[in-house]
Amino acid sequence: MPDFIVAGAEPQSSDDPYAQLRTPGAIQGFGAMLALHPMTLRVLNASENVDSELGIPHAAILGQKLNEIVSGEDALAHIMECMACDEPVFDNPMLVTVGGRRFDLIMHADDDIIFAELEGLAPGAPTRADMDRLSDDAIMGMMVPDTLEALLEAGPQAIRTATGFDRVLLYKFDDSFHGQVVGEARRAGVESFKGLFFPESDIGAPARQLYGENFCRYIPRIDGTTSRLRPIDNPLTAKPLDMSHAVLRAVAPCHIAYLANMGVTASMSFSIMSEGRLWGLFACHHYSVSLLSYTQRLICEQIAMMFAAKFTELVSPAAIEDDMQARCAVVLRSSPLCQPNPLQQDWSAEAERQLLGLVNAEGAAIYIDGNVGEIGICPDLAELHAYIDTSPAAFDRLLHMYDEQGLFYTSSIASVLPFGARMREKGSGLMIIPLAGTRRHYVLWFRPELIVKAT
């Protein structure tokens, strides 16, 4: 469910399909926002709640310089160093005080503006040392799993340990961006969502693009107040402020309603990027108000990044091939495939079960010098057989699409073979490996097309 535009904010008009996501004109009320001139750091725009959050009237804060508002020698020195760069990147969060109260200051440059967001620190907030220990433990936890199954279990648990949220889902996108919950950690008594499917429209393209840019989205309470920016437009461009990368960016009423229907009070998500692509999300739900500091959320971003790195390592073509070779070595040691003329051997039910079980397939085909033997449930192989025999160069390119050793796999045969649509009912998923170092001996595994109803 996308989150964009806040109730009560002025409607925006733009040809940009992402405009409402990026320019809501308001913030969530658990902090205050200042939009600063990129050269002078004078306040051009401010959220209406600066009086209650910072103790400074809105009319008085406009035009002030940042160093006239916040105190913190180290933070201000760092800001000046960053401002000397063509593209300033700030070491967030920075500890500052305003009127004697401690704040996390989070800054970024965007839309020819320097954004400064301030989140108040509670007296009992975890110390930086506490956070460092938690970060070290969580990151080390992501290094331990040596199988994909173990990683899918460890990731949500690490996020839940770091946040205390009632439920953490590991949400995976497929190639068409439909989603499935493939991992979960939850408090006892909380409903499980593991295994559920969701349609692509649930998290549409505009929202996915933002998830690919912003790795954390935090909503501490769905009934929290919102605060408009005044003035609402960027004074330097006379256009709505682009708040794409603001941590306080306001939430859509439709997304609030979506969470409320689930009974959720607080929500948080962390993007999982793999090889430059949005692979999935950690989606966190809590049934009471959540109060997490920026540093706590930053640790979860680091966990998500470590999860993504470990995932990429485990599912790389080299890792898949190594795993397949190891598993094949065990199974094939006693398999008829290792015997002379394997197609003429007597295949026992156990040998067939083991071969299919290597990749949890429904069917397999053994291709040896133009002859084919079938095991289990296979599609009609006539066209594929002819393709291998009559188009060897094209078949060779297919085998080496992902891996120089010739390990090929796809979940949608119709997308890679011109006749694949006629095979997908029984063989939409296809994996091929060459045998004995020759390109004329192959094992092909098939999985049928899986049609699920998104819930």
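Please treat every number below as a calculation from the coordinates, not as lab data. If you're wondering where the values come from, they're calculated on a predicted model, not measured in any experiment. Counting neighbours? That spans all protein chains shown, and the Cβs are built from the backbone with ideal geometry, glycine included.
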At a 10 angstrom cut-off on C-beta neighbours, averaged per residue, how do the peptides 108-118, 189-199 rank from highest to lowest? 108-118, 189-199
Here the gain from full extension of residue 78 to residue 254, 0.36 nm per residue of separation minus their alpha-carbon distance, amounts to 59.4 nm
Using alpha carbon centroids, what distance separates region 354-421 and region 71-104, in Å? 58 Å
Place a point 7 Å from the Cα of residue 192 along the Cα-to-Cβ direction; which residues of region 152-173 have their backbone N under 20 Å from it? 152-161, 165-172
Just subtract the alpha-carbon distance of residue 42 and residue 354 from 0.36 nm times their residue separation and send over the number in nm, one decimal. 105.3 nm
Roughly what would the spin-label model give for residue 374 and residue 414, points 7 Å off Cα along C-beta, in nm? 2.1 nm
Say R0 is 35 Å: what FRET efficiency, to the nearest 0.05, do residue 208 and residue 101 get from their beta-carbon distance? 0.40
Length added when fully stretched, residue 148-residue 422, from 0.36 nm per residue minus Cα-Cα: 95.5 nm
